[in-house]
Amino acid sequence: MLGDVIGDAGIKAVADRLPGLRRERGIALVVANGENAAAGFGLTNETADLLFSAGVDVITSGNHIWEKKGAAELLDGDPRILRPANYPAMAPGKGLFEVEKDGASWAVINLQGREGMSAIDSPFSRADELLAGLAPGTIAVVDFHAESFSEKEALALYLDGRVAAFAGTHTHVQTADERILPKGCGYIGDLGMTGPVDSIIGVKVDGCLQRNLSQMPIKMEVAEGPSIVSGAVFEIGEGGRCLTVARISVI
């Protein structure tokens, strides 16, 4: 699972590094958060195609998925591109994608937090509904796009024993709290970002500094230069129990 991919620099980093990571580690399924892939805000057909071509199997997202024109058509047109499942039912797209990979049945679930974010539907009850509809033996993995780490840990522990892997996204800062929860779910609070190293969470330093100093709504632009690929590898054993969680951070 890869953290928020930021702009062209992040997409290039995925294209350069992911094929080798898949081969070296024997990775069956790759999930990447792509809500910032199109110039830092949103996703387009072109940026999604680049991520899929690089080896990403499923693209998750969050609150910025709606930023670009055509977001509704994009979400409705490709089931591999998810928006958080706990947006109201009338919202375009879906928050669940099921796929067969390497002899296993996988379900990727995308949810969004509410603490410090929009007051959308409950991620707890929506997760219950989605998991209840899965066939026995399906390996479920969750991208929880949230601001609050207490909310992330609460939902992870609530789903422990029912999902194999639970990764937070949104803050663009990789956390060092990876662990196996008591009932076998692999957890990490935030995967971090996949994007330019010389930046402030992916955007140009000067613009971000001026925004902080002046408190004016200065436009944020994606930084350039060498990028880091951040995320985690979850090793899933029989019965859908996570055996190991390993952070990855590759420049």
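The values are calculated or read from the model by the stated rules, or taken from the named source; none is laboratory data. This structure is a prediction, so every number in the text was calculated from the model and none was measured. Note that we place each Cβ from the backbone using ideal geometry, even for glycine, and neighbour counts take in every protein chain shown.
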Expected output for segment 55-72 (first residue farther than 22 Å from Gly20 by Cα and touching a residue at least 12 places away in the same chain (Cβ under 8 Å), partner assigned to a loop (DSSP other than H, G, I, E, B) and among the β-branched types (Val, Ile, Thr), Cβ below 9 Å, 6+ apart or cross-chain) is Lys68/Thr44; Gly70/Thr44; Ala71/Thr44
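Among the listed residues Lys68, Lys12, which satisfies the condition of being at pLDDT below 95, more than 19 Å from Ala164 (Cα to Cα), in contact with a Ser or Thr (Cβ under 9 Å, 6 or more places away or on another chain) and of a type in the set (D, E, K, R)? Steps first, answer last, please.
Numbers: Lys12 fails: at pLDDT below 95.
So the residue among Lys68, Lys12 that is at pLDDT below 95, more than 19 Å from Ala164 (Cα to Cα), in contact with a Ser or Thr (Cβ under 9 Å, 6 or more places away or on another chain) and of a type in the set (D, E, K, R) is Lys68.
Taking segment 157-174, which residues are under 15 Å from the mean Cα position of the chain (by Cα) and buried (at least 17 other Cβ atoms within 10 Å of the Cβ)? Talk me through it step by step, then tell me what you get.
Filtering segment 157-174 down to residues under 15 Å from the mean Cα position of the chain (by Cα) leaves 165-174.
Answer for segment 157-174, where residues must be under 15 Å from the mean Cα position of the chain (by Cα) and buried (at least 17 other Cβ atoms within 10 Å of the Cβ): Ala165, Phe166, Ala167, Gly168, Thr169, His170, Thr171, His172, Gln174.
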Next item on the list: Taking Gly168 as the residue in question, decide whether it is touching a helix residue (DSSP H, G or I) at 6+ places or on another chain (Cβ under 9 Å), assigned to a loop (DSSP other than H, G, I, E, B) and of a type in the set (Gly, Ala, Ser).
Entry: no
Result of the Cβ filter at 9 Å on segment 115-141, keeping first residues that are over 14 Å from Pro84 (Cα atoms) and partners that are modelled with pLDDT under 95 and buried (at least 17 other Cβ atoms within 10 Å of the Cβ), at least 6 apart or interchain, is Gly137/Gly240; Thr138/Gly240; Ile139/Gly240; Ala140/Gly240
